[in-house]
Amino acid sequence: MQICLRKKLKFILTLQLVLFAALGLQAQGLTIKGKVTGDGGESLPGVTILLKGTTTGTVTDVEGNYQLAVPNGNGTLIVSFIGYQNKEVAINNQAVINVALSSDTKTLQEVVVVGYGTQKKETLTGSVTAVKGEEVTKSPSLNVTNNLAGRLPGLTAVAASGEPGNDASRLRIRGLNSFGKSDPLIVVDGVPGRSLERIDPNTIENISVLKDASAAIYGAQAANGVILVTTKRGKVGKPTITASFNQGFGRPTRLPEMADAAGYATMLTEIDQYAGNPPRFSPDDIQKFRDGSDPWGHPNTDWFKEVLKPWSGQNQANVSVSGGSETMKYFVSLTSREQQGYYYNSGAKYNQYDLRSNVDGNITKNISFGVDLAGWMEDRNYPTRSAGSIFRMVMRGKPNLPAYWPDGTPGPDIEYGDNPVVVSTKATGYDRDKRYVANTNFKLNVNIPWVKGLSVSGNAAIDKNFRFQKTWQTPWYLYSWDGQTRDTNGQPVLIKGKKGFDSPALTERMEDDYRILLNGLIKYDRTFLTDHNVNLLVGIEKITGGLDRFDAYRRNFVSTALDQMFAGATDQYLTNGGSGSANARLNYFGRVNYNFKNKYLAEFVWRYQGSYIFEKATRFGFFPGVSLGYNISEEDFWKNNLSFINYFKLRASWGKTGWDEVYFNNVLQEYAFLSTYSLGAAGNAFVNNGGATLSPTLYETGVPNANTTWEKAIQRNVGIDAEFLNNHLVVTADYFDNLRSDILWRRSASIPTSTGMSLPPENIGKSGNRGFDFSVTYNNRTENELTYEVGINAGYAKNRIVFWDETPGRPEYQLTTGRPIPTDPYAPDNDLYYQAMGIFKDQAAVDAYPHWPGARPGDIIFKDVNEDGKIDANDRVRNNKSNIPRLTAGLTARLGYKGFDFSALIQSATGAVNYISTESGEIGNFLQSFYENRWTPDNINASGPRTFNRSNEYWVGNRNTYWLHKTDYIRLKNIELGYSLPQITQKWGIQKLRVYVNAFNLLTYSPDYKDFDPELSSGSGQGYPLQKIVNGGISVTF
């Protein structure tokens, strides 16, 4: 890896030197020097100084100083800096020009990205929140979705895995809104349906989230909200070259501590005792496990330490160039990313290579264009066993079995022919997944000169994705010992056993899909009679796409050295398969904005959308949204009496959105007839030249449901925007009430599942979701050059089932209607739990309370909920929480002092639960926390139950609240400290040189959930753990 890093660094530095040499010549003439300061005389680093009408410019160093060569003593300097008013200064042959900028703390003129355009924050009437791209890059995580948690109010990001390449977070806007799909729509540079997780964070300018009726302009794909991603574009000025490299090291955030061999043997002996069987381990055996005196016969294995490295590496290198003139601007970025897996001796890793080029130009005064080209290649390498399988083995790994024998030979088969120290390596082959993505976007805009404010534009976006997956499985060997046989030297004789297939097997899969978007927009933006501002947008959009799949499988290869399909046997173990699909949508949409004096605001958005998923007669739907705003702080009475509140706006919105990706049992319910045909076995005969030939039959597998239609969402929102203390304190708050209807679901009351029959799914489901979100931010700058910003944001959402035709006859406390959506809507009874009340200390306690038949001391007490004197299924109570948190929050802090910068993000989540269900006993190990807290005849006041074997005990085989844990947590999600070197670097032609260190998921506090990471939804530990990353880097700007 070090050789690879040296090569990357050498390439980056060489490229920097070449580019710098090409751009290093400056025009001869007057050289201007000076210093830029703020209101209080403090130095301002990073200020842009540009010679007006040219691309000649520079930026101030960390002490606020600059130096700029200009052709002559004439001209004007444009001085600009975020948070300050721009200033123009005439040169007038002055060699020294010091500039004092005035702060402009108002945020009202900020532009917010919305559907198919932008709006000023001052006139925005929808519930829209945004984060700048520079905030996203402060995290060393290579997946953008992981960097959003805690940064945007109302957006929940829950990580599902830390596996390289499969580490995306599940994004939810305002919680869970449906028992169908709840994924938001992703729009990248105006193109809906693109992916967010693999975008290079270095290229992101801004991320906006549409949370209310503002999303209605995206119609039947916007019911779950919309995330808008805007990538960076070039700015007028001389070419700016930025190169960066960072190296990080990751390890699991949290791994469970398992019982050691002595503790495990002790508990197996207790299982024997409870079952009335002879103990399988003697006290002498247990002592040998404990003291390590017999490593061959009494090993003590920590499977996590044997399989996982202490740290795994990752790195990222980026070079970007941006700049341009009034007629042509450009931004180009190249990035390489690499992330290693946790496993020892494994090829598990993820590589990605990115290219993005955004070019904007003016053909004439009224005609402009844009050309966006983006692409990346992903290369995933994994073991042939999935992460879930490997970690299942590790969790269940018995500590009294060896991972490796004392002589270094791999240990025995611990279950089903596998041993995780071997199957997690390249010894069993490989699973390689390559993906190639190309995104293009061509834009043309024409301003109509004879109609002021009128323009027309067109976009053509073509996306192409190709995927090739290859799984090569080879036999491997494990070694067992019978515990007795030894050679003449007294050494144990190991038996070599072949595992897996007798000969190699190869599976190949290919996917090739495309997507074409064409749209045309008409925009009209005018102000009438000074105070009446009107903005109109009308558009039409067509999206088409298709996907082809192919897969093949072969066995019985001659050699493990030849991993190609042609070398496999063709007489047996041969399969070929494939499929294809097509999709299309046709959309008409628009938006009307009106405001009077920027005081009274109104917006109407709409979309008339047609989707290929539904039958022709019901294919189109209309989705409107309306919002109103009142800038009450513009009223005279407010200015005269409440001037300390600099800005105050009331907002209200109502919208109807939809969702056309209607799933049932995780299958998209398309109407298309071709999707209901399948190829059967040979059986139909046809005649060819007088002979009969058998041909496979094509048959209809089902009749599509012509009545299937969209999910529909009514979204209601009220909110405020306010600014205090000379606009330094910014507050935004919203309350929402959403109702989802026509969710595709199957009736249960009409035909209960107990009959074994079922009806087809219908659009009958209804759910509701209510809550609030807010953000409060304070920023300021002191006279001694200290800048700081502190912010807090939070979002709360509580959903409920309004209707899904529930089977009647159950007790009220077991009904789902009116309660939150179950963790698994297709298995809602998994959320029914016996209520644990403690542990039976002794037989007297068992006799004194209703109990499960056969209950004994050390068992968990179940509450007799209905007080009928017995414990049965009617005593189960429905839990009101799922694994999605109800309340998420983030606390952010940023500091800057001279060349130093510091930022931190503390993220928290509450209101979620997880069920811990480890596979323990004869089948696998126990948690150490269980061992320490278990009931025994000598410890009858223990907080935990007695030792159990698999799910044989009623309190393990039946879901109960003892194993249900709150996953509330507070986490130091991100922290970064950087330093920009002083002016001396400018002597080397460097505008800015910054070094930094940062960390991700550094600290976690979860009082009721200590064995696993509280963010993971798996309570069994059978999944790839999340990552804690420490990282250091350098960034150089020329």
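The values are calculated or read from the model by the stated rules, or taken from the named source; none is laboratory data. Quantities reported herein were computed from a predicted structural model and do not represent experimental measurements. Quick reminder, even Gly has a Cβ in these numbers, built from the backbone with ideal geometry, and neighbours come from all protein chains shown.
Here is a yes/no grid of residues against (1) charged (D, E, K, R); (2) in a strand (DSSP E or B); (3) crowded, with 23+ Cβ neighbours inside 10 Å:
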position	(1), (2), (3)
Ala149	no, no, yes
Asn166	no, no, no
Arg170	yes, yes, no
Gly175	no, no, yes
Asp183	yes, no, no
Ile186	no, yes, no
Ser195	no, no, no
Arg198	yes, no, no
Ser208	no, yes, no
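Among residues of the range 449-470 that are on the phi > 0 side of the Ramachandran plot, those with a Cβ under 6 angstrom from a residue that is surrounded by 14 or more Cβ atoms within 10 Å (Cβ to Cβ), sequence gap 6+ or separate chain, pair up as Gly453/Tyr524; Gly453/Asp525. The set of residues in the range 584-603 that are surrounded by fewer than 17 Cβ atoms within 10 Å (Cβ to Cβ) and assigned to a strand (DSSP E or B) comprises Ala584, Leu586, Tyr588, Val592, Tyr594, Phe596, Tyr600, Ala602. Of all the criteria given as (1) more than 30 Å from Asn707 (Cα to Cα); (2) charged (D, E, K, R); (3) crowded, with 16+ Cβ neighbours inside 10 Å, the one not satisfied by Glu635 is (3).
The sole residue among Thr156, Thr240 that is under 29 Å from Gly361 (Cβ atoms), at pLDDT below 95, touching a strand residue (DSSP E or B) at 6+ places or on another chain (Cβ under 7 Å) and not in a loop (DSSP other than H, G, I, E, B) is Thr240.
Can you work out which of the residues in the range 985-1009 that are modelled with pLDDT of 90 or more and either of a type in the set (Ser, Thr, Tyr) or not in a strand (DSSP E or B) (or both) is farthest from Ile970 (Cα to Cα)? Once the filter is applied, the top-ranked residue is Tyr996. Looking at Ala223, Ala215, just one residue is part of a loop (DSSP other than H, G, I, E, B) and in contact with a strand residue (DSSP E or B) (Cβ under 6 Å, 6 or more places away or on another chain), and that residue is Ala223. Residues in the range 818-862 that are under 35 Å from the mean Cα position of the chain (by Cα) and of a type in the set (Ser, Thr, Tyr) were compared, and the one that is surrounded by the fewest Cβ atoms within 10 Å (Cβ to Cβ) is Tyr826. Can you name the residue in the range 1003-1035 that is surrounded by 23 or more Cβ atoms within 10 Å (Cβ to Cβ) and of a type in the set (A, V, I, L, M, F, W, C) and, of all such residues, is nearest to Gly978 (Cα to Cα)? Once the filter is applied, the top-ranked residue is Ile1029. Residues that are surrounded by fewer than 22 Cβ atoms within 10 Å (Cβ to Cβ), aliphatic (A, V, I, L, M) and part of a helix (DSSP H, G or I) within the range 378-428 comprise just one, Ala427.
If the requirement is being aliphatic (A, V, I, L, M) and within 30 Å of the chain's Cα centre (by Cα), which of these qualifies: Ile751, Ile764, Ile743? Every option except Ile743 fails the conditions. For Ser775, the criteria (1) polar (S, T, N, Q); (2) modelled with pLDDT under 95; (3) crowded, with 20+ Cβ neighbours inside 10 Å; (4) over 23 Å from Leu744 (Cβ atoms) hold in every case but one, which is (2). Regarding Trp296, is this residue surrounded by fewer than 21 Cβ atoms within 10 Å (Cβ to Cβ) and closer than 18 Å to Pro164 by Cβ? Here the answer is no, as Trp296 does not meet what is asked. With the condition being under 29 Å from Asn224 (Cβ atoms), I'd like the strands (runs of 3 or more DSSP E) fully within the range 766-867 carrying at least 1 qualifying residues. The strands (runs of 3 or more DSSP E) meeting that bar are 786-803. If we scan the range 571-585, do we find a residue that is touching a residue at least 40 places away in the same chain (Cβ under 8 Å) and closer than 30 Å to Lys121 by Cβ? The answer is no; no qualifying residue exists. If a residue counts only when it is of a type in the set (A, V, I, L, M, F, W, C) and more than 30 Å from the chain's Cα centre (by Cα), which helices (runs of 4 or more DSSP H) contained entirely in the range 257-339 have at least 2 such residues? The qualifying helices (runs of 4 or more DSSP H) are 261-275, 283-291.
Being part of a loop (DSSP other than H, G, I, E, B), among the acidic types (Asp, Glu) and more than 24 Å from the chain's Cα centre (by Cα) is the requirement here; does Asp1013 meet it? No: the conditions fail for Asp1013.
The rows are residues; the columns are (1) aliphatic (A, V, I, L, M); (2) over 30 Å from Leu454 (Cβ atoms); (3) at pLDDT 95 or above; (4) surrounded by 13 or more Cβ atoms within 10 Å (Cβ to Cβ).
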| site | (1), (2), (3), (4) |
| --- | --- |
| Lys499 | no, yes, no, yes |
| Lys523 | no, no, yes, yes |
| Ile540 | yes, no, yes, yes |
| Arg555 | no, yes, no, yes |
| Leu574 | yes, yes, no, yes |
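Among the residues of this structure, Val687 does not count as one that is surrounded by fewer than 18 Cβ atoms within 10 Å (Cβ to Cβ), modelled with pLDDT of 95 or more and β-branched (Val, Ile, Thr).
When Thr544 is tested against (1) part of a strand (DSSP E or B); (2) touching a Phe, Trp or Tyr at 6+ places or on another chain (Cβ under 9 Å); (3) touching a residue at least 60 places away in the same chain (Cβ under 8 Å), exactly one condition is not met: (3). Only one of the listed residues (Arg396, Arg380) is closer than 26 Å to Gly162 by Cβ and at pLDDT below 95. That residue is Arg396. The condition of being within 22 Å of Gly180 (Cα to Cα) and either hydroxyl-bearing (Ser, Thr, Tyr) or in contact (Cβ under 8 Å) with a residue 24 or more places away in the chain (or both) holds for only one of Arg886, Arg876, that being Arg886. Taking Asp548 as the residue in question, decide whether it is closer than 30 Å to Tyr430 by Cα and surrounded by 15 or more Cβ atoms within 10 Å (Cβ to Cβ). No; evaluated as a whole, the condition is false for this residue. Could you tell me whether Leu517 is in contact with a Ser or Thr (Cβ under 6 Å, 6 or more places away or on another chain) and buried (at least 17 other Cβ atoms within 10 Å of the Cβ)? In short, no.
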